[in-house]
Amino acid sequence: MFPWNLLPFDRNTQKKFLEMKPDEIENYVQQMMGKMLQPNMQGLKPEEWIKGMQQQTSPDAVKPTSGLGAEMFETHDFVFVRVPLKDEAWLKQMKLFYTSNQVIIEHIPVMSDKHTLVLPATVKRKGAAANYKDGVLELRLHKIVDMQYAEIDISN
């Protein structure tokens, strides 16, 4: 059975809520929401709160991660990095490297530029592929699925 007596509302608070008028309840809810929300969302109507929250926390949104406008996402087996290229000639001048947790892109848009992208998961050192199509360079990197880890003894 659920321990109802451990809720933050004791009997006095419950009695107070039962005696409140609808306008008082609305004011109370507005005050509590105002305390919980970010400062830039205070003063907005509830419909506007919902719209703002949906825009901020869309789970499927792939957000740009660098000045290049690169986007990253991962699947069960791969990490994908998509870099929009404004000029196909950049393919010939750019250098592309990667480590187990980063992608390094050099020489675009200017020869002295260097961009480092931190990957969302660790990847294998071999088996990466890069394809260019419709103005987008797509990198496909194999994820390391079986992470090896060791326990560290704590001594005092």
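The values are calculated or read from the model by the stated rules, or taken from the named source; none is laboratory data. Fair warning: this is a prediction, and the values are worked out from it, not measured in the lab. Ligands, DNA and RNA are stripped out before the accessible areas are found, and what is left, the full protein with its side chains, is counted by its heavy atoms. Shrake-Rupley method; radii C 1.70, N 1.55, O 1.52, S 1.80 Å.
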Q. (1) on the phi > 0 side of the Ramachandran plot; (2) open to solvent by less than 50 Å² (accessible area, probe 1.4 Å): which one isn't true of Asp134, the others all being true?
A. (2)
Q: Check Ala150, Ala121, Ala130 and return the single one that is part of a loop (DSSP other than H, G, I, E, B), within 25 Å of the chain's Cα centre (by Cα) and not charged (D, E, K, R).
A: Ala121
Q: Just one of (1) open to solvent by 100 Å² or more (accessible area, probe 1.4 Å); (2) modelled with pLDDT of 90 or more trips up Asp146, so point out which.
A: (2)
